[in-house]
Amino acid sequence: MAEEGASEVSGAPIRRVLLISAGASHSVALLSENVFCSWGRGEDGQLGHGDAEDRLLPTHLSALDGHEIVSVTCGADHTIAYSDSRTQAYSWGWGDFGRLGHGNSSDLFTPQPIKALYGLRIRQIACGDSHCLAVTMEGEVQSWGRNQNGQLGLGTTEDSLVPQKIQAFQGISVKMVAAGAEHTAAVTEDGSLYGWGWGRYGNLGLGDRNDRLVPEKVSMVNNEKMVMVACGWRHTISVSSLGRLYTYGWSKYGQLGHGDCEDHLVPHKLEALSNNYICETAGGWRHTMALTSDGKLYGWGWNKFGQVGVGDNIDHCSPVQVKFPHDQKVVQITCGWRHTLAVTERQNVFSWGRGTNGQLGHGESIDRNVPTIIESLSVDGSTRLQIESSKVDPATGKTWVSPSERYAVVPDETVRGQTSASVKGNGNDVSVPTSDVKRVRF
């Protein structure tokens, strides 16, 4: 008999996938029996295995064994997990701007508790490129990390090395937050939508291109109430209580899905999916995915590496349905910068898009433009493939790296002389590196 929470195929137990999340070039999965896996790029410690090595296959992160993790969220190059029973959040990876919440800018190569959040009952955590937020069960919001455009919502542009409560939400109960590269969005319990941070492309939904240092309420057409929100790099996606999808912000690659590449400064209903009830959505660097209540998945936007998943590498400015073997229904979706992951009703995990660092979990470093099953995480995968175990002994592995030893981000030649960490968005697309970044020592 299979263990509780597992399926059995040919006598081999398969752990059920509870949650998935994707970062810039890494991926993570939380499985039943409290098994946590990570794979892809590991250069900044974002995989948590105590080294800086990439992993081409899902690898068990033993450092979190016994912690009873219930949620996990990837930032661009860092990861945060939360244990409900311990009321404790853990973070690891690239530490610049205080995005790990430990009071410094050091990188961490193994999970470490965020002391400032200890004891808080956290409902949800959101990670952007360099900033993070946590929503408590009481509807309060804590934020930390980079804040050059006010994306922390604290009323300043000063970075915060530790979590701080957003005072602007005093007396307002927040249901959900989402973080983009340099902007943030939130939905409150009463269905209101808020935006703050960098607004150059209208990605705050406030009708202009100005930054906001504190959360500001978005005006909705017909006063429709919102129930969820997601952010791409510089665009935002919200879903109403009627299951309608709205997008706004940057659309150079068609990531808003309105059939053109025009920015929208306020939420604009996606007419192409108006006959569908949207139950989940996710934003990538420049692409968007939406899941309907009947398990169909649609994608659109930038598709250079096949991250939209429709069998080509052409950008799509309108939603296109993503096909799965045997018409499997999708139950969960997440977007990385250039790759996408999905879980189906049959408990299979699929990935597609950029694979250069192994973030697709297929044991190789090639791109895929259609959903491809991750064998070791899937019921229909090969029973001969087991989840990899980390080769690093946590007692001897690398734990942290000080700022003086850190790697700097060097974008492609179009941004010569600048680092992507220091580039402040100004509406000029040259500030957005199109190739995978690499890291060199200062």
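Among residues of the range 276-288 that are over 16 Å from L256 (Cα atoms), those with a beta-carbon under 7 Å from a residue that is surrounded by fewer than 19 Cβ atoms within 10 Å (Cβ to Cβ) and of a type in the set (S, T, N, Q) at least six positions away or on a different chain give the pairs Y277/S293; C279/S293. For the range 141-163, which residues satisfy the criterion of being surrounded by fewer than 18 Cβ atoms within 10 Å (Cβ to Cβ) and part of a strand (DSSP E or B)? Within the range 141-163, just V162 meets the criteria. For the range 185-193, the criterion of being in contact with a Cys (Cβ under 6 Å, 6 or more places away or on another chain) and of a type outside the set (A, V, I, L, M, F, W, C) is met by none of the residues. If you go through the range 304-332 and keep only what is closer than 21 Å to A178 by Cα, crowded, with 21+ Cβ neighbours inside 10 Å and among the β-branched types (V, I, T), you end up with just V308. Taking (1) more than 21 Å from G180 (Cα to Cα); (2) touching a residue at least 40 places away in the same chain (Cβ under 8 Å); (3) among the hydroxyl-bearing types (S, T, Y) in turn, S25 satisfies each apart from (1).
Inspect all residues belonging to the range 141-164 and state whether any of them is among the hydroxyl-bearing types (S, T, Y), in contact with a Phe, Trp or Tyr (Cβ under 6 Å, 6 or more places away or on another chain), closer than 27 Å to N223 by Cα and in contact (Cβ under 8 Å) with a residue 24 or more places away in the chain. Walk me through how you get there before you give the answer.
Going through the range 141-164, the residues among the hydroxyl-bearing types (S, T, Y) turn out to be 143, 156-157, 160.
Now narrow it down to the ones that are in contact with a Phe, Trp or Tyr (Cβ under 6 Å, 6 or more places away or on another chain): 160.
From what's left, closer than 27 Å to N223 by Cα: none.
For the range 141-164, residues among the hydroxyl-bearing types (S, T, Y), in contact with a Phe, Trp or Tyr (Cβ under 6 Å, 6 or more places away or on another chain), closer than 27 Å to N223 by Cα and in contact (Cβ under 8 Å) with a residue 24 or more places away in the chain: absent.
Selection within the range 241-282: residues that are of a type in the set (S, T, N, Q) and not in a strand (DSSP E or B). The member of this set that is surrounded by the most Cβ atoms within 10 Å (Cβ to Cβ) is Q255.
A count restricted to the range 372-401 and to residues that are in a loop (DSSP other than H, G, I, E, B) and either under 29 Å from D107 (Cα atoms) or modelled with pLDDT of 85 or more (or both) stands at 16. Within the range 34-63, residues that are touching a residue at least 40 places away in the same chain (Cβ under 8 Å) and on the phi > 0 side of the Ramachandran plot have Cβ atoms under 7 Å from residues that are among the charged types (D, E, K, R) and surrounded by 24 or more Cβ atoms within 10 Å (Cβ to Cβ) in these pairs: G40/R55; G45/D107, counting only partners at least 6 apart in sequence or on another chain. How do the strands (runs of 3 or more DSSP E) wholly within the range 14-64 filter down when requiring 2 or more residues that are among the small types (G, A, S): which remain? Counting at least 2 such residues, we get 17-22, 26-31, 35-40. The set of residues from the range 232-243 being without any contact (Cβ under 8 Å) to a residue 60 or more places away in the chain and within 22 Å of the chain's Cα centre (by Cα) comprises H235, T236, I237, S238, V239, S240, G243.
Contact map, the range 79-104: residues that are without any contact (Cβ under 8 Å) to a residue 40 or more places away in the chain and at positive phi paired with residues that are buried (at least 19 other Cβ atoms within 10 Å of the Cβ) and in a loop (DSSP other than H, G, I, E, B), Cβ distance under 7 Å, separation 6+ or inter-chain. Pairs shown: T87/L120.
Inspection of the range 183-200 finds no residue satisfying the criterion of being outside any strand (DSSP E or B), under 17 Å from the mean Cα position of the chain (by Cα), buried (at least 20 other Cβ atoms within 10 Å of the Cβ) and at pLDDT 95 or above.
Of the strands (runs of 3 or more DSSP E) entirely within the range 306-346, those holding at least 3 residues that are of a type in the set (V, I, T) and out of contact with any helix residue (DSSP H, G or I) (no Cβ under 7 Å at 6 or more places or on another chain) occupy 330-335, 339-344.
Given the criteria modelled with pLDDT under 95, touching a strand residue (DSSP E or B) at 6+ places or on another chain (Cβ under 8 Å), under 27 Å from S91 (Cα atoms) and surrounded by fewer than 15 Cβ atoms within 10 Å (Cβ to Cβ), does R441 qualify?
Details: modelled with pLDDT under 95: yes; touching a strand residue (DSSP E or B) at 6+ places or on another chain (Cβ under 8 Å): yes; under 27 Å from S91 (Cα atoms): yes; surrounded by fewer than 15 Cβ atoms within 10 Å (Cβ to Cβ): yes.
So R441 passes the test.
Scanning the range 165-180 for residues that are buried (at least 17 other Cβ atoms within 10 Å of the Cβ), in a strand (DSSP E or B) and without any contact (Cβ under 8 Å) to a residue 40 or more places away in the chain yields a count of 1.
The values are calculated or read from the model by the stated rules, or taken from the named source; none is laboratory data. Source: prediction; values computed, not measured. Glycine also receives a Cβ, built like all others from the backbone with ideal geometry; neighbour counts cover every protein chain displayed.
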